[in-house]
Every structure is written in C-alpha cells, then in structure tokens.
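What follows is a set of notes on a single structure, which appears directly below.
The values are calculated or read from the model by the stated rules, or taken from the named source; none is laboratory data. Remember, predicted model here, so these are calculated numbers, not experimental data. Neighbour counts run over all protein chains shown; Cβ positions are idealised from the backbone, glycine included. Only protein heavy atoms, including side chains, enter the accessible area calculation; ligands, DNA and RNA are left aside. Shrake-Rupley method; radii C 1.70, N 1.55, O 1.52, S 1.80 Å.
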Amino acid sequence: MDFKQHVFISDVHLGAFSSETNKQIEQDLIALIQFCEEKHIKIHILGDLFDYWMEYPEKGFVPDLGKNVLDAFEDYNKNVSPALFITGNHDNWTFGHFEERGFELESNFRLVEINEKRFLLMHGDGVAANKIDFPRAAFHRLLRNPTFVSTYQKILSPETGLATMKMFSSLTRRRNNHNPEPLNRQAKKIFERHNLDFIISGHDHVPRVETFSRGDYINLGTFFNHRTLALYNKDGMQLVKWKAASKFFLPFEGNN
C-alpha cells in the first residue's frame with residue numbers, strides 16, 4: 001500500500017513520569033494516532049514507546065500500561081495499516097501482545113524504500129547484524145538475551161521484576177541523554193558503507209537533522225518532552241513538532 005505521508009516517532013517513554021504527565025503524553029499521542037488514521041498517514045515507531053514494558057508469557061502477565069494508546073493503535077492498525085514498531089531498549093520484553101494489537105513488530109532494524117528513497121530505521125542502541133557495523137553495548141545485549149530473560153522471570157515475580165527494571169530504566173534514560181556525537185559518528189560510518197538516503201533513529205533524546213555527503217541522519221528526539229517527530233511527504237523530510245490542540249505539524253527550530 002502506498003502512502004503519501006509517513007510519520008516517524010520514538011522515545012515516548014509512556015509510564016516513566018507522574019500520573020499527570022503520563023496522562024498529557026497519552027492524550028497528545030492518541031490525538032496524533034487518530035489524526036494519522038483520519039489522514040491515512042503511515043506510522044513508524046522507532047522504539048521506547050513504553051517505559052518499562054515487560055510481559056511474563058508463562059504467567060499471562062501484560063503490563064497495565066498505555067491501554068488507551070494501545071486501543072487507539074489497534075484501531076489504526078485495523079483501519080489503515082499495521083504500524084511498524086521497532087522495539088527499543090525500554091520496551092523489548094514483548095512476547096506477543098503487540099502483535100495481537102496489530103503492530104508489525106521488529107526487534108532489530110528495518111530497511112525500507114519509500115518513493116525510491118532508501119531508509120534505515122532503528123532505535124539507536126545498536127543492531128544485531130554484521131552487515132551494519134553498529135553492535136549493541138554488552139548491557140543491551142544482556143537485556144535481550146533469551147536465557148537472561150527466562151532466568152530473570154523465573155526468579156522475580158511480574159510485579160517485582162517490572163519494578164526492578166523500571167528503576168534501572170530510569171537511570172539509563174537519564175544517562176543516555178544529551179550527547180549527540182556517538183550516534184552522529186555512527187550515522188556517518190553507516191552512510192560511508194551503505195547506499196542510503198536517510199537514517200532515522202531516536203535513543204539519545206536530542207532532536208536534530210545532520211546532513212552528510214551521502215544522506216541525512218534524523219534523530220527524532222523525544223515525544224515525551226519535545227513532541228518531535230519526522231514527517232516525510234512530497235516535500236521531503238522534515239523534523240516537526242506535533243501540536244495536538246490544533247492538530248498541526250510545526251517545523252522544529254530548536255528546544256524553545
């Protein structure tokens with residue numbers, strides 16, 4: 001199915017904040033989902049939609065988190081197209097619930113072609129692929145290791161396991177912020193080795209567009225703070241801010 005517009009979003013971290021802040025993030029995100037459904041815009045999620053997401057499949061446990069958002073996405077997935085969901089380092093312990101909601105799930109990265117332009121889509125914490133030289137850090141590899149996950153869930157109950165991981169999640173979310181240089185260097189290296197027009201990620205929470213000789217690197221920043229996202233249409237690629245009250249995309253010109 002061809003779409004005239006595409007939206008790329010990451011780092012919502014729903015569940016990481018106070019009840020009031022979570023509610024406002026949720027409302028603004030639902031407004032975006034419904035707008036994309038109405039306008040037939042393709043949605044791509046590039047990780048850390050939730051903070052923290054951890055299913056316990058053997059105990060039938062699914063986090064009580066973001067139900068209204070997932071309901072909105074389920075409607076979108078049925079009525080428009082399954083949204084691509086590339087899980088991040090805060091929401092990769094999923095064992096079927098997102099697929100049940102209709103998402104097209106990806107735990108690694110995705111190469112896509114849109115209007116004859118080649119895109120590399122990833123969260124930004126590394127990938128598991130020799131052909132793209134961007135290895136995950138040891139800690140992130142551990143968190144995605146099936147043996148570790150199985151052992152963790154046998155030792156800790158869903159409530160304790162989720163609370164423990166949320167504590168570590170809060171620490172890593174603060175630690176990873178505000179340093180654009182590592183991902184900028186990695187994007188430059190990937191462009192030098194692969195035929196791409198755009199690389200899009202999140203993860204370091206710094207919204208920006210970096211132009212290299214072979215293509216543009218877009219970091220989506222944070223929806224939870226900046227309300228930023230990337231919009232691709234006939235006019236090209238833009239980093240924009242979502243204005244939920246007016247249902248409008250405003251060009252992003254900095255943090256103010």
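A compact table of results
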read-out	value
All lysines inside 16 Å of K117 as judged from Cα atoms, apart from same-chain residues fewer than 8 positions distant	K4, K42, K234
Gyration tensor verdict on segment 81-121 (Cα atoms; rounded if a/c is under 1.5, prolate if a/b is larger than b/c, oblate otherwise)	oblate
Where labels lie 7 Å past Cα in the beta-carbon direction, separation of H40 and F95 in nm	4.0
Cleavage-rule hits, GluC sites (Glu not before Pro), segment 104-187, DSSP coil, Cβ neighbours within 10 Å at most 16	E116
Distance between segment 39-74 and segment 22-38 - C-alpha centres, whole angstrom	13
In segment 177-254, the trypsin sites (Lys or Arg not before Pro) that fall in loop regions by DSSP, at most 10 other Cβ within 10 Å	K234
Difference of contour (0.36 nm per residue) and Cα-Cα distance, V112 to N233	42.1 nm
Solvent-accessible area per residue for the chain (1.4 angstrom probe, square angstrom)	48
Residue pairs, from the table K67/K247; K39/K78; K78/K247, whose Cα atoms sit over 18 Å apart	K67/K247; K78/K247
The chain, accessible surface, carbon-and-sulfur percent (1.4 angstrom probe)	49
DSSP-assigned coil residues among chymotrypsin sites (Phe, Trp or Tyr not before Pro) in segment 18-56, each with at most 13 further Cβ atoms within 10 Å	none
